[in-house]
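Visitor: Pasting a structure below so you can have a look.
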Amino acid sequence: MAILITGGAGFIGSHTCIELLNEGYEIIVVDNFSNSKPESLKRVCEITGKSIMIYYLDLLDSESLEKVFLVNQIEAVIHFAGLKAVGESVKESLKYYKNNITTTIIICDLMQKYSVKKLVFSSSATVYGLPDTVPISEEFPLKALNPYGRTKLMVEEFLQDIFISDNEWSITILRYFNPIGAHESGLIGEDPSGTPNNLMPYITKVAVGQLKVLNIFGNGYSTKDGTGVRDYIHVVDLANGHVAALDKTLKSTGVNIYNLGTGIGYSVLEVVSAFESATGVKIPINITHPRPGDAAICYADPMKAEKELNWIAKKSIHDMCADSWRWQSRNPNGYKINEELENPRLIQSEDFLIPNN
Ligand code: NAD
Ligand code: UDP
């Protein structure tokens with residue numbers, strides 16, 4: 001029996017593949033590589049010495065996806081695949097609704113048809129909108145502020161309806177806070193295309209000399225130093241949260257929702273300072289206007305995940321900065337193969353397959 005991972009070549013998916021393989025799970029990845037490269041999965045195999053079955057297909061292509069269910073014994077699905085850029089979701093909302101909502105309907109439909117009723121879904125802290133207080137617990141009111149957030153909220157709602165209509169389902173919704181960092185090997189990490197929108201990839205691009213200065217979006221918030229505060233979580237901790245969530249999903253039925261965060265908020269200036277002290281690299285900054293729609297403070301109450309999943313984030317902001325930098329400095333162009341990476345690499349897997357359909 002295998003775990004099907006949609007979007008497994010992406011930032012969070014690839015790190016989760018490693019932790020699942022290390023736990024002994026057999027995994028199958030489906031990805032259209034619209035925001036990732038097959039190279040990330042080659043490196044997952046290299047890091048773990050294990051093999052993955054990979055299907056290069058779009059989840060909107062339900063016929064090809066059905067073949068994956070037909071020829072494999074799938075026990076559960078972890079559904080990472082989706083588009084995630086807030087700004088782009090405003091400009092291209094239909095693309096977001098189609099890619100984030102239709103794909104989830106298609107996959108749930110096939111899961112129902114093949115009696116694979118165990119799902120872990122990637123949601124986001126964005127569903128809390130602009131919270132009135134912190135820390136944010138799972139019972140806080142939900143409000144999406146942009147099309148991306150609405151796709152997450154709508155999927156959360158219809159997943160609850162699926163369980164109401166069929167109590168055999170076991171669905172775990174994970175609301176991520178701000179994932180940063182990279183695997184400690186420096187072989188895999190976040191590889192945004194174009195200029196990054198998020199803080200840490202922007203900082204590492206400044207550090208590696210590809211961007212000149214970090215623009216800080218406002219220093220007039222009611223926070224410790226006036227800059228925005230977020231709950232940054234190491235992507236390996238987040239990946240381990242999926243292993244814990246999968247374990248519970250496999251053993252139960254119902255819909256469970258968990259925040260995955262550290263419970264600690266750091267300001268933008270604190271992150272810059274932590275990065276400088278972890279790496280010795282100075283980050284030039286420029287204070288500019290607040291970004292529309294940004295919350296001043298956002299951090300999780302992660303107690304529910306601790307109690308029910310027996311999971312807790314362990315890595316510090318220092319680890320997050322050091323690991324982000326190890327990945328970026330060794331791979332200045334991300335997964336674009338540079339000279340060093342063209343050297344022969346050990347790929348243990350003989351069934352490193354990328355069928356076209
Ligand atoms: P990512 O873009 O790195 O990974 C997503 C993967 O899904 C990519 O490999 C992409 O090629 C694939 N994909 C997208 N559409 C697809 C489709 N139609 N068919 C097949 N594959 C498709 O993103 P990530 O950071 O790893 O995020 C994973 C999930 O977590 C997303 O659903 C995202 O919305 C959610 N999330 C991310 C963050 C974050 O800050 N990274 C925060 C909260 C929630
Ligand atoms: N931020 C910033 N400059 C950037 C990117 C982000 O000052 O180039 C700030 C942003 O205003 C927020 C924090 O860094 O306070 C985290 O932003 P990110 O986009 O990474 O996460 P999100 O705001 O989506 O939680």
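The values are calculated or read from the model by the stated rules, or taken from the named source; none is laboratory data. It should be emphasised that the depicted structure is a prediction, and the values quoted were computed from it without experimental measurement. Heads up, the Cβs are rebuilt from the backbone with ideal geometry, glycines too, and the neighbour counts pull from every protein chain shown. Please note that ligands, DNA and RNA were not included when accessible areas were found on the heavy atoms of the full protein model with its side chains. Shrake-Rupley method; radii C 1.70, N 1.55, O 1.52, S 1.80 Å.
Visitor: Per DSSP helix of 4 or more residues, -39500 (n - 2.57); summed, then divided by the residues of the chain. What does that give at 222 nm, rounded to the nearest 500? Show your work: numbers first, answer last.
Guide: On the way: 13 runs with 136 residues, N = 357.
When only DSSP H runs of four or more count, the value is -11500 deg cm²/dmol.
Visitor: Could you list, bin by bin from short to long, the percent of Cα-Cα pairs of the stretch 59-98 in 5 Å steps?
Guide: Whole-percent P(r) values from 0 Å outward: 5, 18, 19, 20, 13, 12, 9, 3.
Visitor: Could you pull the Cα extents of the stretch 174-221 along its three principal axes, largest to smallest, in whole Å?
Guide: The principal-axis extents, from largest down, are 36, 32, 19 Å.
Visitor: For the stretch 195-211, in order, what is each residue's ³J(HN,Hα) by Karplus, 6.51 cos²θ - 1.76 cosθ + 1.60 with θ = phi - 60°, in whole Hz (x at glycine and Pro)?
Guide: With coefficients 6.51, -1.76 and 1.60, one gets 6, x, 8, 8, 4, 5, x, 5, 4, 5, 5, 5, 4, 8, x, 8, 10 Hz.
Visitor: Wrap a convex hull around the Cα atoms of the stretch 186-312, take a quarter of its surface area, and give that in square nanometres.
Guide: Spelled out: convex hull of the Cα atoms, projected over all directions, averaged, 9.8 nm².
Visitor: Report, largest value first, the span of the C-alpha coordinates of the stretch 22-92 along each principal axis, in whole Å.
Guide: 41, 29, 18
Visitor: Right, here's the next one. Amide H of I233 versus every other amide H placed in the peptide plane: which residues, excluding those fewer than 5 positions away on the same chain, fall under 5 Å?
Guide: Residues meeting the criterion, in which the H sits 1.01 Å from N, are N178, I180.
Visitor: Report the local net charge at K113: Lys and Arg +1, Asp and Glu -1, summed over other residues whose C-beta lies under 14 Å from its C-beta.
Guide: Net charge in that neighbourhood comes out at -3.
Visitor: Amide H neighbours of T172 under 5 Å, counting only residues 5+ apart in sequence or on other chains, H built in-plane at 1.01 Å?
Guide: L119, V120, F121, N256
Visitor: Here is a further query. On full extension of the chain, what length is gained from E23 through R330, given 0.36 nm per residue of separation minus the C-alpha to C-alpha distance?
Guide: That pair, E23 and R330, stretches by 107.8 nm at full extension.
Visitor: If you don't mind, another one. For the chain, what relative contact order do you get, as a whole percent, if you take Cα pairs closer than 8 Å and at least 6 residues apart? Don't skip to the end; give the middle numbers.
Guide: Values: 712 pairs, mean separation 79.4, N = 357.
Once divided by the residue count of the chain, the mean separation gives 22 percent.
Visitor: Let me ask you something else. Assign unit charges at the C-beta atoms only (+1 for Lys and Arg, -1 for Asp and Glu), then state the dipole size of the stretch 55-195 relative to its Cα centre in Debye, rounded to the nearest 20.
Guide: It works out to roughly 220 debye.
Visitor: While we're looking at this one, here's another question. Once R0 is set to 30 Å, what does the formula 1/(1 + (r/R0)^6) return for the Cβ-Cβ distance between T253 and L60, expressed as a FRET efficiency to the nearest 0.05?
Guide: Rounded to the nearest 0.05, the efficiency is 0.60.
Visitor: Dividing the convex hull volume of the Cα atoms of the stretch 41-160 by its residue count, what figure in Å³ per residue is obtained?
Guide: About 145 Å³ per residue, rounded to a whole number.
Visitor: Can you give the direction-averaged projected area of the convex hull of the alpha-carbon atoms in the chain, in nm²?
Guide: Mean shadow area of the hull around the Cα atoms is 16.8 nm².
Visitor: If you don't mind, there's one more thing I want to ask. Can you list the GluC sites (Glu not before Pro) in the stretch 184-278 that are in a DSSP coil and have 10 or fewer other beta carbons within 10 angstrom?
Guide: none
Visitor: Further, regarding this structure: Could you give the length gained by full extension between M303 and D161, i.e. 0.36 nm per residue of separation minus their alpha carbon distance, to one decimal place?
Guide: Gain on stretching M303 to D161: 48.5 nm.
Visitor: In addition: Determine the share of the stretch 156-293's accessible area contributed by carbon and sulfur atoms, expressed in whole percent, with a 1.4 angstrom probe.
Guide: Summing carbon and sulfur atoms, their accessible area is 50 percent of the total for the stretch 156-293.
Visitor: Here's a follow-up. With N residues in the stretch 110-202, what two-decimal value do you get for its Cα radius of gyration over 2.2 N^0.38 Å?
Guide: Computed over Cα atoms of the stretch 110-202, the ratio equals 1.34.
Visitor: Also, I was wondering about something else. Rounding to the nearest 20 debye, state how big the charge dipole of the chain is about its Cα centre with +1 on each Lys and Arg Cβ and -1 on each Asp and Glu Cβ.
Guide: On the way: 32 positive and 42 negative charges, 142 e Å.
In total the dipole reaches around 680 debye.
Visitor: R0 = 56 Å: FRET efficiency of T133 with L70, Cβ-based, nearest 0.05?
Guide: My answer for the efficiency is 0.70.
Visitor: Mind listing the long-range amide H neighbours of I216? Cut-off is under 5 Å, sequence gap 5 or more, other chains count too, H placed in the peptide plane at 1.01 Å from N.
Guide: N286, I287, T288
Visitor: As an exercise, identify the trypsin sites (Lys or Arg not before Pro) in the stretch 219-269 lying in DSSP coil whose Cβ has no more than 15 other Cβ atoms within 10 Å. If you can, show how the numbers build up before the last one.
Guide: Details: sites: K224, R230, K248, K251; in loops: K224.
Sparse-neighbourhood loop trypsin sites (Lys or Arg not before Pro): K224.
Visitor: A further question follows. For the pair K113/S93, report the inter-label distance in nm, with labels modelled 7 Å from Cα in the Cβ direction.
Guide: 3.1 nm
Visitor: Follow-up. Could you derive backbone 3J(HN,Hα) for the stretch 289-305 from the dihedral phi with the Karplus parameters 6.51, -1.76 and 1.60 (θ = phi - 60°), listing whole Hz in sequence and x where the residue is Gly or Pro?
Guide: 5, x, 7, x, x, 6, 6, 6, 9, 8, 8, 8, 9, x, 5, 5, 5
Visitor: Sticking with this structure for a sec: Using Cα pairs closer than 8 Å and at least 6 residues apart in sequence, work out the relative contact order for the stretch 1-75, in percent.
Guide: 37 percent
Visitor: Got a sec to turn the phi values of the stretch 14-27 into Karplus ³J(HN,Hα) couplings, 6.51 cos²θ - 1.76 cosθ + 1.60 with θ = phi - 60°, whole Hz, x for Gly and Pro?
Guide: Calculated HN-Hα couplings, in order: 5, 5, 5, 4, 4, 5, 5, 4, 5, 7, x, 6, 8, 10 Hz.
Visitor: Just tell me which lysines come within less than 21 Å, Cα to Cα, of K212; anything on the same chain fewer than 8 places away is out.
Guide: K282
Visitor: Follow-up. Distance check, please: which entries in K84/K205; K117/K314; K224/K248; K91/K224; K118/K304; K98/K118 exceed 29 angstrom between their Cα atoms?
Guide: Details: K84/K205 20 Å; K117/K314 31 Å; K224/K248 38 Å; K91/K224 33 Å; K118/K304 20 Å; K98/K118 23 Å.
Beyond 29 Å between Cα atoms: K117/K314; K224/K248; K91/K224.
Visitor: If you don't mind, there's one more thing I want to ask. Filter the GluC sites (Glu not before Pro) in the stretch 1-75 to those in DSSP coil with at most 12 other Cβ atoms within 10 Å of their Cβ, and list the result.
Guide: Filter output for the stretch 1-75: E23.
Visitor: Another question about this same structure. For E184, what is the net charge nearby, where nearby means another residue's Cβ is under 15 Å from its Cβ and Lys, Arg count +1, Asp, Glu -1?
Guide: Its environment carries a net charge of -1.
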